[in-house]
Structure formats: C-alpha cells, structure tokens
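*Asks:* Dropping a structure here in structure tokens format, bear with me for questions.
The values are calculated or read from the model by the stated rules, or taken from the named source; none is laboratory data. Nothing here was measured: the structure is a model prediction, and the numbers come from that model. Counting neighbours? That spans all protein chains shown, and the Cβs are built from the backbone with ideal geometry, glycine included. The protein model used for the area step is the full one, side chains on, heavy atoms only, and it has no ligands, DNA or RNA in it. Shrake-Rupley method; radii C 1.70, N 1.55, O 1.52, S 1.80 Å.
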Amino acid sequence: MSIVIYAESAEGKFKKIAFELASYAKKVAESLGTTVTAVSINTQDVSELSKYGVDKVLKVTNDKLVGFSAKAYADVIQQAARKENASVVVLSSTTDSIYLAPLVAVALEAGFASNVVGLPESYLPFQVRRTAFSNKAFNSTEISSDIKIIGLAKNSYGIFENTSNMATEDFNPTVSENDFGIKVESVEKGSGKVSIADADIVVSGGRGLKGPENWGMIEELAEVLGAATACSKPVSDLDWRPHSEHVGQTGKPVASNLYIAVGISGAIQHIAGINSSKVKVVINSDPEAPFFKVADYGIVGDAFEVVPHLIEKLKAFKAQN
Amino acid sequence: MKILVCISHVPDTTSKINFTHDDSQFDSNGVQFVINPNDEFGLTRAIWFQEQQAATVTVVNVGGPDTEPTLRKALAIGANDAIRVNANPTDSFFVAKQLAEVIKNGGYDLVIAGKESLDYNGGMVPGMVAAILGYNFINSCTELTIEATNAKAIREIDGGREKVSTSLPLIIGGQKGLVEEKDLRIPNMRGIMTARAKTLTVVEPVEASVHTKAVKFEKPAPKSAVKLVAADNIDELINLLHNEAKVI
Ligand SMILES: Cc1cc2nc3c(=O)[nH]c(=O)nc-3n(C[C@H](O)[C@H](O)[C@H](O)COP(=O)(O)OP(=O)(O)OC[C@H]3O[C@@H](n4cnc5c(N)ncnc54)[C@H](O)[C@@H]3O)c2cc1C
C-alpha cells in the first residue's frame with residue numbers, strides 16, 4: 001500500500017504544485033500509516049522532493065515523454081500506481097493533470113474526485129471535500145472504489161517542509177505507439193510572464209479601465225508584485241486583452257493567494273472563477289459595486305488615480321523589504 | 001460524418017444554490033435550467049459542421065424526463081435528433097459508461113462534450129468516455145476543424161496554447177472558442193416548431209458501477225465585511241496586505 005503522487009515538472013524542474021501534492025500526500029500517508037511515492041517524468045534532479053516528505057521517487061527517463069501526452073502520461077502513472085499497490089493517487093489541477101486524470105481513473109477502475117480542497121474528512125468511509133456549483137458550494141464526496149483518486153485544487157493545502165530519507169528508483173514503464181494518437185504540432189506560450197495558473201498574485205482589470213491603451217498600469221502593477229495579469233470577460237470579448245486572460249465561470253479559474261480587481265463590477269460569473277483565491281482586493285469607483293461584498297480589502301476610488309499611487313508606494317515598499 | 005454532442009442540463013449561471021434533505025440534495029425549486037455553457041459552444045460548432053460539411057448531429061443527455069426541455073432546445077437550435085438515457089446521473093463513471101454505450105451503438109465519428117459542467121465541475125466525463133472506448137481525446141479544446149478523417153485542433157495549456165492533430169474517431173472536451181460567442185445559436189420560432197417533430201429517443205441505462213457519491217453539501221461560511229481603505233491612504237492598504245493578510 002502507498003500514496004502515489006504525480007510530481008509535475010516543466011522544462012525538467014518540478015512545478016510548485018508538486019511540493020503541495022507531496023505535503024498533502026505525506027499527511028494522508030501518516031493518517032493511513034503508509035508512505036508516499038512520487039512519479040517524476042524526465043525531471044533531472046529529483047532530490048528536492050525529499051524536503052516535502054516523499055519517501056520514494058519513481059524516476060522515469062524517456063525521450064518519447066519529453067512533450068506532454070495525456071494518454072502516455074496517464075499510462076505511466078497508472079503503471080506506477082499498480083506497481084506501488086497504491087490506495088490513493090493524488091493528482092493536481094493543472095491543465096495537464098485535469099486532462100490525464102480521467103484516463104488514469106478508468107485504467108485503475110478508480111473513483112475520482114476533482115477540485116478537492118482539503119484533507120480527507122474521514123477515511124472509513126473515504127470522504128473528501130470538493131467545490132461544486134462553480135464555487136458557490138462545497139460537496140462532501142464519498143469514494144468507494146479500492147483505489148481512490150484525488151484531484152487537489154491549487155493552493156488549497158499549502159506547502160509544508162518535512163524532510164524524509166528518500167529513495168530513488170529508475171522506473172521504465174511501457175508506453176505504446178497507441179499512447180501517441182494526438183500529435184503536438186506547435187506550442188505557443190504566453191509572453192513569458194507569469195501564467196494565471198502558476199501565479200500567487202493576480203492583477204485583473206475590467207471594463208472600468210475604459211480601453212486597452214490603459215493596460216500599462218495593470219501590467220506595471222503586476223510587474224512590481226511578480227503577478228500575472230487577468231481580465232473580466234467583456235474585456236477579452238472586446239479584444240482589449242487575449243482570451244487566455246479571461247477569468248471566471250466561463251474563463252479560467254484563479255486560486256491565487258492575492259487577487260486584485262481593478263474596475264471590475266463583481267458579477268456572479270466573475271466571482272465564481274476567483275472564489276478560491278485567498279485574499280481579494282477591489283478598487284472600484286462605485287461603492288455599490290457587488291465586488292465589495294466578497295472582497296477582503298477595498299478602495300472606493302478612481303482606478304486612474306489609485307493604481308499609479310499604489311505602484312509608486314509598492315515600489316518603495318519592495319525596495320525596503 | 002456522424003457527430004454526437006453531449007449535453008449537460010445545469011442550473012443557469014445566476015441561480016442561487018440551495019439544498020434540501022439535510023443538505024444531501026440540490027434543491028431545484030425555482031431554478032432555471034440551461035444547456036451547460038461549454039456544451040453550447042460545442043453544439044454550435046457541430047451545427048456548423050452540419051451546415052458546411054453535411055454532418056448529422058445527435059444530442060444526448062443522461063438524465064430524467066425533466067431534462068427533455070433542454071434537449072428540445074438543442075433540437076430547436078438545429079440538432080437532427082436526440083437521445084435521453086433514462087437515469088439519474090449520479091457519478092461521472094456511471095455517466096461515462098452510458099455515453100460510451102450510446103457511442104458504440106451509434107457509430108459516431110466525432111463526440112463533442114464540454115470540458116466541464118457548471119454544476120459539479122467534475123471535468124471527468126469526456127476523458128472517461130475516451131478511455132473506455134480507446135478513442136483519441138483532446139481536452140480544453142478551443143478550435144476544431146475536420147477534413148475527411150483528420151482533425152486539427154487547438155487546446156489550452158497553462159500559460160498558452162497548443163496546436164494538435166489527430167484522426168477520427170475523436171472525442172473532445174470543448175469550451176469557449178470553438179465558436180465565437182456572438183455566433184452562439186439561439187432557437188428561433190421555426191426551430192422551435194420543427195423541434196417538436198424531431199425524434200427524441202429514450203433508452204434505458206446499462207449496468208455500470210458507481211464509485212463516488214455526493215453525500216453532503218454546504219455553502220461557504222458568510223464572509224466578514226470588506227475592510228475599506230481611503231483612496232489617499234495607500235500605505236494602510238500595503239500595511240494590511242503585508243502584516244495582516246501576509247500576502248505581500
Ligand atoms: C453565461 C455567462 C457567463 C459569464 N462568464 C463570465 C466569466 O467567466 N467572467 C467574467 O468576468 N464575466 C462573465 N460573464 C459576464 C458577467 O456577467 C459580467 O458582465 C462581467 O463580469 C462584467 O465585467 P466588468 O466588471 O469588467 O464590466 P462592467 O460590468 O462594465 O463593470 C465595470 C466596473 O468598473 C467600475 N469602474 C468604471 N470606471 C472606473 C474607474 N475609473 N475606476 C475604478 N472603477 C471603475 C464600475 O463601477 C464597474 O463596477 C458571464 C455572463 C454570462 C451570462
């Protein structure tokens with residue numbers, strides 16, 4: 001028996017989410033009296049995982065797996081889970097993991113709960129808490145299959161150091177031609193800045209900014225904070241910003257530590273996408289804007305005056321801290 | 001080309017969410033149900049294939065008789081016929097099994113589902129169907145073109161997009177982008193009239209195991225009121241974010 005996690009990496013280095021998964025799995029393993037095995041695919045240095053409680057790494061090195069293929073990766077994770085006699089498999093909620101998780105679930109005939117926001121509420125029966133109805137509610141889900149798959153929502157558990165004596169084992173799962181039915185022709189990455197999915201801080205602008213020419217200050221604010229930029233739906237519909245930045249129920253979900261909304265009204269569909277962000281700051285000229293009802297901190301004021309001041313003050317703050 | 005569009009019947013995006021029976025069930029009282037927005041983009045793209053490439057479009061839903069108005073709406077938008085699998089969609093595995101059975105029996109070349117439904121947000125069904133059938137599968141698909149048995153698509157990835165190619169049979173988890181929002185179809189009077197004469201077949205479910213069960217619902221705890229900071233006191237905001245919220 002063991003807990004198996006898929007430790008995702010990009011360009012040969014673990015993503016932060018891998019450490020959150022490890023921290024989470026360690027806690028589950030402690031409750032179940034078992035160990036954590038991480039699967040790493042083409043990651044050069046796996047030692048970092050030992051800081052977060054991983055007991056064993058199955059290290060896969062395979063040229064065929066250099067680019068992401070949902071089916072092939074699912075096949076690797078599934079074989080690792082069988083080999084380790086996994087009782088629980090923990091996956092993340094990145095686009096890649098969401099893509100491969102259902103494939104793993106079918107291969108293992110395992111119940112799968114996505115958007116899980118905390119440790120199991122009970123182990124017998126096995127129950128986890130998830131978000132539902134676009135973050136308007138929580139739902140306790142019972143998983144009854146032998147193997148349980150958890151899709152952990154980003155930033156829902158946190159990263160905790162817990163040094164372990166980690167063993168590394170080379171693992172050579174079989175991947176077949178069949179696994180590569182989808183051919184990647186080309187990949188376009190955004191402007192190289194922080195992506196919404198990875199960002200701890202997101203600065204978002206709405207129609208209150210009046211036009212794309214005013215986005216300089218949003219970008220500057222994001223830069224000072226090391227944040228990603230985002231926008232409301234009408235802003236991307238109007239082509240002021242790319243569609244990849246549209247957050248909300250029909251756009252991207254955001255689970256950052258800090259979400260700063262500038263000139264966004266706070267319509268229910270927008271809020272649904274950012275509800276799982278920890279701290280929300282709103283800057284809006286209308287004191288009646290619905291966003292103030294869900295925000296933690298707010299400034300009633302004109303974005304064109306407030307944001308430049310905020311940038312200036314933050315620069316000074318960053319210089320000192 | 002035979003296309004199957006999976007239609008999820010979900011509460012309208014502005015619905016207030018409530019629960020009954022000790023918080024164990026969703027309360028549909030007074031809730032308006034709609035075609036799941038992600039599926040709506042897929043349906044419109046399917047109608048495009050029907051008009052431009054002579055495809056036939058079948059829509060399917062796993063659900064009770066109460067979902068039929070949603071299927072009729074899809075017929076009014078232009079689908080050729082509809083299938084309802086007469087079962088309560090309890091668990092994504094169960095739903096995927098039912099859809100896989102419909103697909104096997106109907107011999108569809110292309111199956112379009114939404115990447116997730118806006119009620120349980122599981123995001124599991126399309127991938128599970130693909131895995132059960134061994135079909136090629138593209139998730140978070142924002143563009144799709146088909147020529148003969150070849151498909152080209154774009155899928156969203158974290159921080160960008162990826163162009164991919166594959167062959168039919170294919171299942172996609174679709175979303176906004178498959179068509180422009182302004183091109184989304186809404187039923188017109190003629191569509192509504194003709195929809196009444198179109199076939200809506202009800203089939204009984206096949207045996208399938210259920211691995212998960214929603215046992216209890218809960219609404220988020222009410223939030224404490226927003227802390228307002230004066231527009232000329234930005235230092236205070238920075239202080240709060242640094243010392244109280246500890247996020248900068
Ligand atoms: C099915 C469906 C799905 C949807 N999905 C999404 C979604 O995923 N994401 C999303 O965002 N929306 C979504 N919407 C749209 C949503 O309902 C709102 O229309 C949208 O969020 C509004 O965007 P906004 O706040 O930028 O613009 P507006 O509603 O125009 O609000 C602009 C705000 O800016 C403020 N403002 C104006 N000038 C200034 C200034 N100088 N300084 C400071 N503040 C100023 C105003 O007070 C106002 O509050 C969806 C709608 C539907 C029907």
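*Asks:* Criterion first (away from the ligand (no atom under 14 Å from the Cβ), of a type in the set (V, I, T) and either under 30 Å from B:D39 (Cβ atoms) or facing chain B (nearest Cβ under 9 Å) (or both)) does A:V279 satisfy it?
*Replies:* Yes.
Let's see how each residue does on (1) touching a helix residue (DSSP H, G or I) at 6+ places or on another chain (Cβ under 8 Å); (2) without any contact (Cβ under 8 Å) to a residue 12 or more places away in the chain; (3) open to solvent by 50 Å² or more (accessible area, probe 1.4 Å):
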| position | (1), (2), (3) |
| --- | --- |
| A:D198 | yes, no, yes |
| A:G206 | yes, no, no |
| A:A230 | yes, no, no |
| A:D237 | yes, yes, yes |
| A:G248 | yes, no, no |
| A:G251 | yes, no, no |
| A:A255 | no, no, no |
| A:A267 | no, no, no |
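*Asks:* Name the strands (runs of 3 or more DSSP E) wholly within segment B:160-203 that hold at least 2 residues that are within 14 Å of chain A (Cβ to nearest Cβ) and within 22 Å of the chain's Cα centre (by Cα)?
*Replies:* Strands (runs of 3 or more DSSP E) meeting the threshold: B:160-167, B:170-174.
*Asks:* Out of curiosity, is B:F49 within 14 Å of chain A (Cβ to nearest Cβ) and in contact with a strand residue (DSSP E or B) (Cβ under 9 Å, 6 or more places away or on another chain)? Give the steps one after another, and end with the answer.
*Replies:* Details: within 14 Å of chain A (Cβ to nearest Cβ): no; in contact with a strand residue (DSSP E or B) (Cβ under 9 Å, 6 or more places away or on another chain): yes.
Considered against the rule, which asks whether it is within 14 Å of chain A (Cβ to nearest Cβ) and in contact with a strand residue (DSSP E or B) (Cβ under 9 Å, 6 or more places away or on another chain), B:F49 comes out as no.
The rows are residues; the columns are (1) of a type in the set (V, I, T); (2) touching a residue at least 12 places away in the same chain (Cβ under 8 Å); (3) open to solvent by less than 10 Å² (accessible area, probe 1.4 Å).
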{"position": "B:M1", "(1), (2), (3)": "no, yes, no"}
{"position": "B:L4", "(1), (2), (3)": "no, yes, yes"}
{"position": "B:F26", "(1), (2), (3)": "no, yes, no"}
{"position": "B:P37", "(1), (2), (3)": "no, yes, no"}
{"position": "B:L43", "(1), (2), (3)": "no, yes, yes"}
{"position": "B:V62", "(1), (2), (3)": "yes, yes, no"}
{"position": "B:K73", "(1), (2), (3)": "no, yes, no"}
{"position": "B:N80", "(1), (2), (3)": "no, yes, no"}
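*Asks:* Among the residues of segment A:23-60, write down those that are part of a helix (DSSP H, G or I) and either polar (S, T, N, Q) or buried (at least 19 other Cβ atoms within 10 Å of the Cβ) (or both).
*Replies:* Residues satisfying the conditions are A:S23, A:Y24, A:A25, A:K26, A:V28, A:A29, A:S31, A:S47, A:L49, A:S50.
*Asks:* Within segment A:163-214, work out how many residues are of a type in the set (G, A, S), within 14 Å of another protein chain (Cβ to nearest Cβ) and within 16 Å of the ligand (Cβ to nearest atom). Working first, answer last.
*Replies:* Keep residues of segment A:163-214 that are of a type in the set (G, A, S), which gives A:164, A:167, A:176, A:181, A:186, A:190-192, A:195, A:197, A:199, A:204-206, A:208, A:211.
Now restrict to residues that are within 14 Å of another protein chain (Cβ to nearest Cβ): A:176, A:181, A:186, A:190-192, A:195, A:197, A:199.
Subset that is within 16 Å of the ligand (Cβ to nearest atom): A:197.
So the count comes out to 1.
*Asks:* If you check A:F126 against the conditions, is it at the interface with chain B (Cβ under 7 Å from one of its Cβ atoms) and under 23 Å from A:L32 (Cα atoms)?
*Replies:* no
*Asks:* While we're here: Looking at segment A:283-317 only, could you name the residues that are in contact with a strand residue (DSSP E or B) (Cβ under 8 Å, 6 or more places away or on another chain), away from the ligand (no atom under 12 Å from the Cβ) and open to solvent by 20 Å² or more (accessible area, probe 1.4 Å)?
*Replies:* Within segment A:283-317, A:V294, A:D296 meet the criteria.
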